[in-house]
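The values are calculated or read from the model by the stated rules, or taken from the named source; none is laboratory data. Owing to the predicted nature of the structure, the values given are computational and were not obtained by experimental measurement. Cβ: placed from backbone, ideal geometry, glycine included. Neighbour counts: every protein chain shown.
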Amino acid sequence: MKKLPQDVMIYIFLRFSVKSLLRFKLISKTWYTLIQSSTFINIHLNGTTIPKKEFIVCSHSIKKETEGFKNVLSILYSDDHDNINIILPDLDLPYLSFTPFYHFNELVGTCNGLIVLTDNEDIVLFNPATKTYMLLPPSPFVCQKGFNRNFIGGVGFGFDPIINDYKFVRISEVFLDSYWCPEEKVQKVEVYDMCIDSWRDLNHIDQQLPNVHSYPCFEKLHRGTFHWYATSDLMDVILCFDIRTEIFRNMKMPDSSNYFDEMSYSLTVMTEFLTLICYHGPDSEINPIRDTMDIWIMIEYGVHESWTKKHIIKPLPIEYPLTILRDYLLLLQKKSGLLIWYNLNSNEVRELDFLAYPRSLSVIGYQESLISIPKRGP
């Protein structure tokens, strides 16, 4: 190996998993330097000639008899036969907590193999492949006397190619202690720049943002833009935030979506198109003859008229859809908490050997990476 040119070594190393590469770093200084270099990390992340395995991160709650609820992560892998195998169960992350009314942690998007979790106060950045994580510092913002702050689940995350680093965005509301006085409620938007390890106010916003709601498996990063489910003037919309320009905009849902039809929504990506899943929630009365689960794709990103209905599915007894793998496997959580998949090509349904507390499961497909996370204290 010492006699091999570096480009040949890189080609060989690209064939190995992150777990193996982390072990190779311990063999010699030469290998350590090569594998640790930003050049190799970027090639490993963006290389298109090497087949990449798709992994799945599941955030879910388990109920302990003495400890109450506990949120854990599990890492799964989908093989060539569409089996879902657990490769790392019940991974516990520090810092995140629960309240009596909040029994799960929110799984926020994925970018370059990094994921973000939040308990609506603390935010943790995590690399599932390297098992490294970082707690973001708290915001320096302090409410004036007589006011409180509500974190509404509007957390986003992505990579800014201009500054060549990662950004976080958080939307919150500041209101009077008298609680939810509409005329006194003010939205606040902050951005955290990882390169300077600091929060800052986003003061150039000149519009009233719609009300963001934390929907299971809706928050999605796509084409450098983060997306949330929101409502504005009795209308369901997708609130978008461009990570690079830091500009908000609203995106309309398909014309058939109606605020008053009591539908629920999940957002994902299929065949590189932004994909909206419209379904009846677990508390809805479903008519199996009339009601359906509809899957829409946006052919031309940002163009409302390009929404196209791709699949129509008979309603299933589920809590909510989670994501779509390989562009045809729709993952869902049943009312019992069991993970299942639905094959969009064959209409086959299969139950998987993975059980989570009902209404606590969120899932993200990701490609493993060597991206390092800065070390900092809590």
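Residues in the range 332-378 that are in contact (Cβ under 8 Å) with a residue 60 or more places away in the chain, of a type in the set (A, V, I, L, M) and in contact with a strand residue (DSSP E or B) (Cβ under 8 Å, 6 or more places away or on another chain): 339, 352, 356, 361, 363, 364, 371, 373.
Out of all the residues in the range 362-369, is one or more hydrophobic (A, V, I, L, M, F, W, C), within 30 Å of residue 34 (Cα to Cα) and touching a Ser or Thr at 6+ places or on another chain (Cβ under 9 Å)? The answer is yes, given that some residue of the range 362-369 is hydrophobic (A, V, I, L, M, F, W, C), within 30 Å of residue 34 (Cα to Cα) and touching a Ser or Thr at 6+ places or on another chain (Cβ under 9 Å).
When the range 208-257 is examined, which residues are found to be over 23 Å from residue 107 (Cβ atoms), under 20 Å from the mean Cα position of the chain (by Cα) and of a type in the set (S, T, N, Q)? Hit for the range 208-257 is 250, nothing else. A single member of 313, 297, 364 is closer than 18 Å to residue 228 by Cα and at pLDDT 90 or above, and it is 297.
For the range 239-297, residues that are assigned to a loop (DSSP other than H, G, I, E, B), among the acidic types (Asp, Glu) and more than 30 Å from residue 168 (Cβ to Cβ) total 5. Just one of the listed residues (314, 309) is over 22 Å from the mean Cα position of the chain (by Cα) and either free of Cβ contacts under 8 Å to residues at least 40 places away in the same chain or under 19 Å from residue 73 (Cα atoms) (or both), namely 314.
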